[in-house]
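The next block holds one structure in the form of structure tokens; read it before the comments.
The values are calculated or read from the model by the stated rules, or taken from the named source; none is laboratory data. Just so you know, these numbers come straight off a predicted model, no measurement behind them. Neighbour counts run over all protein chains shown; Cβ positions are idealised from the backbone, glycine included. To get the accessible areas, we keep the full protein, side chains included, count just its heavy atoms, and leave off ligands, DNA and RNA. Shrake-Rupley method; radii C 1.70, N 1.55, O 1.52, S 1.80 Å.
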Amino acid sequence: MVSYKELGLVNTREGFKKAMEGGYAIPAFNFNNMEQLQAIVAACVETRSPVILQVSSGARKYANQTLLRYMAQGAVEYAKELGLNIPITLHLDHGDSFELCKSCIEMGFSSVMIDGSHLSYDDNVALTKKVVEYAHQYDVTVEGELGVLAGVEDEVSAEHHTYTRPEEVEDFVGKTGVDSLAISIGTSHGANKFKPEQCTRNAQGVLVPPPLRFDILDEIMKKIPGFPIVLHGSSSVPQQYVEIINNNGGALKDAIGIPEEELRKAATSSVCKINIDSDGRLAMTAKVREIFAKNPGEFDPRKYLGPAREELKALYKHKTVNVLGSANRV
Ligand code: G3H
Ligand code: 13P
Ligand code: ZN
């Protein structure tokens, strides 16, 4: 059993309290490899932002759980070396079983998500409560979820949103003891969050997606005032990356994300954690494709992963400063 405290990591409790008071959200960026982790840490140190490092079960399979754990420990030391000991949380993204959550806690994770959103309400309550009871013994914080996001997450996919039912949240939070709650108000995972036919065109001809259901968020906040809310599926799918990808041999069709203004607005509410993965994937892919198209003879990974890392860092800095408002909070 490794305690996250020995690794210099923090759980989400204190950070969410500050985020709630300060009207911002802490970025939860997914990572699977060294370049992503370097970019996240450097961006958050440079903008003085707290950060949540997210590991999905797919990431664990891809990179190896032991390596990822030591990388997160290294991230704490790397931040100090860069000059600022920012609060870093190591979080399991979309944990789907008690055993997976327990294993992550034993490996030094300071926060876990137990995603029982695809289960019946009673089964979701029972599973989440079990994880909370175990996690809290080690002062590890737990995120639960109510409502189902449309789209694909790991092996589970849903055709349509099932919005969170505000009438359930108080009961769920009370019965399970969770520290934060992920909700469904119109965001979804991946780069294709809306179909073009769901969108309207603004004066510049840009597709504008239907707004998030802030009315549902408001109802939820009335039921559980001051309780930390989490938004998954919150990539904005920057169109400049989509264009670079498609102009350099890619084929991304109908890639549409959540407008940044909506996320900024959400961050000023009880939303304390905003999950972003796809935008990082797009930034990295755009840069790598561009470099390969310009220099087809290049075969040194540092020559394309290095610039991709720089692009990622710029993206993450933009998120903390302009979207989540978490910059200059450390
Ligand atoms: O919610 C899903 C995250 O973007 C992680 O994606 O399961 O492909 O690692 P992944
Ligand atoms: P995106 O696919 O919108 O980046 O969402 C990531 C996420 O919610 C990770 O849990
Ligand atoms: Zn998610």
- Tally the DSSP beta bridges in region 31-161 and give the antiparallel ones as a percent, rounded to 5. 20
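What accessible area per residue, rounded to a whole number of Å², is obtained for the chain using a probe radius of 1.4 Å?
Numbers: 14250 Å² over 330 residues.
Heavy-atom accessible area per residue stands at 43 Å².
Considering only DSSP beta bridges whose two residues both sit in the chain, what percent are antiparallel, to the nearest 5?
Details: 6 of 36 bridges.
Within the chain, antiparallel bridges account for around 15 percent of the total.
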- Using only alpha carbon pairs under 8 Å that are at least six residues apart, calculate the relative contact order of the chain and give it in whole percent. 22
- Query: For region 1-80 and region 298-330, what is the separation of their Cα centres, given in Å?
  - Reply: 15
- How would Lys294, Lys193, Lys287, Lys303 line up by accessible area, probe 1.4 Å, largest first? Lys294, Lys303, Lys287, Lys193
- For region 122-192, what is the relative contact order in percent, using Cα pairs closer than 8 Å and at least 6 residues apart in sequence? 39
- Per-pair calculated FRET efficiency, R0 = 25 Å: Arg165 and His136 via Cβ, rounded to 0.05: 0.45
- Message: Just to be sure I understand: of the beta bridges DSSP finds with both ends in region 176-330, what percent are antiparallel, rounded to 5?
- Response: 20
- Query: Shape of region 1-60 from its Cα gyration tensor (a ≥ b ≥ c, root eigenvalues): rounded if a/c is under 1.5, otherwise prolate when a/b > b/c, or oblate?
  - Reply: oblate
- Order by accessible surface, 1.4 Å probe, largest leading, for residues His91, His318 comes to His318, His91
- Cβ charges +1 (Lys, Arg) and -1 (Asp, Glu), total dipole of the chain, debye: 900
- Query: Taking the Cα atoms of the chain, what is the range of coordinates along each of the three principal axes, in descending order and whole Å?
  - Reply: 58, 47, 36
- Which value at 222 nm does the chain reach when only helices count, each DSSP H run of 4 or more adding -39,500 (n - 2.57), with the total divided by all residues and rounded to the nearest 500 deg cm²/dmol? -14000 deg cm²/dmol
- Under a 1.4 Å probe, counting only protein heavy atoms, Leu53 has an accessible area in Å², nearest 10, of 0
- Where does the charge balance sit around Ser49 when Lys and Arg score +1, Asp and Glu -1, over other residues with C-beta under 12 Å from its C-beta? +4
- Note on the structure: Mean separation of Cα contacts under 8 Å (at least 6 apart) over the residue count of region 154-269, i.e. the relative contact order in percent, is 32
- Note on the structure: Net charge (Lys, Arg +1; Asp, Glu -1) of residues whose beta-carbon lies under 9 Å from that of Tyr24, Tyr24 excluded, is +2
- Order Glu298, Glu219, Glu243, most accessible first, counting only protein heavy atoms with a 1.4 angstrom probe. Glu243, Glu219, Glu298
